[in-house]
Amino acid sequence: MADPSSYRPKPGQIPDSPGVYRFRDEHGRVIYVGKAKSLRQRLSSYFQDLAGLHPRTRTMVTTAASVEWTVVSTEVEALQLEYSWIKEYDPRFNVKYRDDKSYPSLAVTLNEEFPRVQVMRGPKKKGVRYFGPYAHAWAIRETVDLMLRVFPVRTCSAGVFKRSAQIGRPCLLGYIGKCSAPCVGRVSADEHRELAEEFCDFMAGRTGAYIRRLEQRMQDAAEEMEYEKAARLRDDIEALRRAMEKNAVVLADATDADLIAVAEDELEAAVQIFHVRGGRVRGQRGWVTDKVEAVDTAGLVEHALQQLYGEESGDAVPKEVLVPALPEPVEPVAQWLGERRGARVDLRIPQRGDKKDLMATVQRNAQQALVLHKTKRASDLTTRSRALEEIAEALGLDSAPLRVECFDISHLQGQDVVASMVVFEDGLARKSEYRRFQIKSFEGQDDVRSMHEVVSRRFRRYLREKMKTGEWAEETPGGEIEDPLPEDDGKPKRFAYPPQLVVVDGGRPQVAAAQRALDELGITDVAVCGLAKRLEEVWLPGEDDPVVLPRTSEGLYLLQRVRDEAHRFAISYQRSKRTKTLRAGPLDAVPGLGETRRQALLKHFGSLKRLRAATVEQICETPGIGRKTAETIAAALAGAAPPAPAVNMATGEIMDDAEE
């Protein structure tokens, strides 16, 4: 525990101007990022008597070993820089909402020649129009199915679209009238884009005028006695109304607003957001966070606004944002939102009427989300605590292993040998810490030797981190580390944190190899065990007999889950490497030739056979290919054996490969 007075800046060093500050720990990692209207006043508040600080603030300043700051010209710049640094450094003492990128959205890919309507998850892409997010993917598909009758926009994948264009026949949706079939030229690219834009306008809330136009067209068709056309328009109107009924009208017809509510206790907070577009609730999302810093409701709202709109622009930021408490001061936040939208954004607390009633509904959702989360977490926490305690007791550890790392080896008959490392903290998978390894020191199948290499490489990197911080002054017994590390920049390091327990997938030989790797590096404070698949026995180094945990043991369940996750991660990596190997061609071996230029070559010549027959001058005609590269390509193709001729399995006929 550090004494804050040891790194307190001298009087007069801190400027009295807006800025952003960073606290770093003894290893140089950024542990907290904050902003202030006056850096001098804010930073001085951290260096008062520890007894007068909030417990979380006290923990932060005693964990820190230094503080630094950056002066900016305005509070809006401070807000933006704070958001950027929190995203970059992932500081442990900042409130970070657990992102809900798994929530699905309805997306229209306007960045394609023929826009596609589809369900999308994950980070937003440039040129794609999003609606939502929705609670369930099936709700999106039901809405799209109703609207395709009126807006027959393409929904197929690129592969299906290309295949239909090649055979000149649309897919089933084209035959039943739920796709305008641009793949076979029934509509032009411009006509299809117009359909997609009308679809977007309708989803954005501009529904009344469009339905009135359809009703007028239906009446005109009926007057001209085109009854079939009038009936089709009637059914289209009914389909659109059914789609609209899925989103109840809650506010005035032209209201575009986001409503944010917060439910909190001393340890955690839940945030709920309702997205209202055109007066209808178009989407809902929610976050839960641990209150790792001393923050009130206004601070939670400010963090939520940063998380929600930090990477958005244009119409994705609504005209109005309703919140339960205003950040202090509110002007910089409102100005920042306006800059992201490109127009004024009203940030306020609803006082009366429908908006206040809807805010109460959002608040109830936030309260229910917090109660549900705490109920689940209490159950999970009890189970995980019991599992860790059982593991510690069975393995004779001094304390529960809060960080567990598991290693597994995977290969296919000795080829493409790889390894995986998965990390569990407090009994939960921490996927951002997962790592993959390629076996480098030898070729062939030797799981024991592979395990020794992987554990050695992982802990050499750990010792290198300790040497950089001065915690490990001597040279490691294992010799020089092969991978130089970049200079310390405050970001979380890949192998900086040691586990309390290393688990290997295997029995006594694999455990002995892992323990030997640790002994060679002089590491004595990390326990090792192995979990053998056959009888689910737990092996310890130097023991002749395994530890047998009861089949109903929570500790055994946790070890099995860790082992199975490592196995899954290793298998997926090994399969991806094998797939790349199988797909590799003679062009992949050409040094300096990337994917873009390989595709350009194949597009220019049409096939690998024609490229192989081309001269150096002809290869130089390809955009981006110089003479030296062309000579290298020609030499590589000349030395590669031509592929065997293709055979028609139905007739036995040797096929001409001119179109390969």
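The values are calculated or read from the model by the stated rules, or taken from the named source; none is laboratory data. Bear in mind the structure is a predicted one, so any value in this text is a computation, not a measurement. Every residue, glycine among them, receives a Cβ derived from its backbone with ideal geometry; neighbour counts consider all protein chains shown. Only protein heavy atoms, including side chains, enter the accessible area calculation; ligands, DNA and RNA are left aside. Shrake-Rupley method; radii C 1.70, N 1.55, O 1.52, S 1.80 Å.
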Virtual spin-label span in nm between residue 568 and residue 429, 7 Å along Cα→Cβ:
0.4
Distance violations [Cα-Cα > 31 Å] among 35/124; 124/355; 162/431; 125/431
162/431
How much net charge surrounds residue 418 when only the other residues with a Cβ under 9 Å from the Cβ of residue 418 are counted, with Lys and Arg +1 and Asp and Glu -1?
+1
Which one, 94, 5, 66, projects farthest toward the positive side of the charge dipole computed for the stretch 1-127 from Cβ point charges (K/R +1, D/E -1)?
94
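Mind checking the full-extension length gain between residue 227 and residue 445? Use 0.36 nm per residue of separation minus the Cα-Cα distance, one decimal, nm.
Computed gain between residue 227 and residue 445 is 71.0 nm.
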Rounded to the nearest 0.05, what FRET efficiency is calculated for residue 138 and residue 186 with R0 set to 35 Å and r the Cβ-Cβ distance?
0.75
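What accessible area per residue comes out for the stretch 493-547, rounded to a whole number of Å², with a 1.4 Å probe?
44
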Using 7 Å Cα-to-Cβ label points, what is the residue 361/residue 466 separation (nm, one decimal)?
5.8
Give me the 1.4 Å probe accessible area per residue for the stretch 1-124, excluding ligands and nucleic acids, in Å².
49
Cα centre as origin, Lys/Arg/Asp/Glu Cβ charges: the stretch 122-227 dipole, Debye
820
Run the accessible area of the stretch 39-82 with a 1.4 Å probe and give the carbon-and-sulfur part as a rounded percent.
50
Cross-link partners among aspartates and glutamates for residue 533, C-alpha distance below 13 Å, same-chain residues fewer than 8 apart left out?
408, 505, 564
What residues from the stretch 32-53 fall in the zone where the backbone N is under 13 Å from a label point 7 Å along the Cα-to-C-beta line of residue 71?
38-40
Take the Cβ-Cβ distance between residue 436 and residue 613 as r, set R0 to 56 Å, and report the resulting FRET efficiency rounded to the nearest 0.05.
0.90
Any idea of the accessible area per residue across the stretch 361-465, 1.4 Å probe, to the nearest Å²?
50
Residues whose modelled amide H sits under 5 Å from the amide H of residue 349, counting only those 5 or more places away in sequence or on another chain, are 323
Here the FRET efficiency for residue 113 versus residue 313, based on Cβ atoms and R0 = 22 Å and rounded to 0.05, is 0.40
Between the stretch 347-368 and the stretch 286-310, the Cα center-to-center distance that results, in Å:
17
Which percent of the accessible heavy-atom area of the stretch 280-402 goes to carbon and sulfur, probe 1.4 angstrom?
47
Need the full-extension length gain, residue 628 to residue 37, defined as separation in residues times 0.36 nm minus the C-alpha distance. One decimal, nm.
206.9 nm
At 0.36 nm per residue, minus the direct Cα-Cα distance, what do residue 385 and residue 548 gain on full extension? Give it in nm, one decimal, please.
56.7 nm
If I model a spin label at residue 576 and residue 374 as a point 7 Å from the Cα along the Cα→Cβ vector, what separation in nanometres do I get?
4.0
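Counting only Cα atoms, I'd like the Rg/Rh figure for the stretch 129-234, Kirkwood definition for Rh.
Result for the stretch 129-234 is an Rg/Rh of 1.01.
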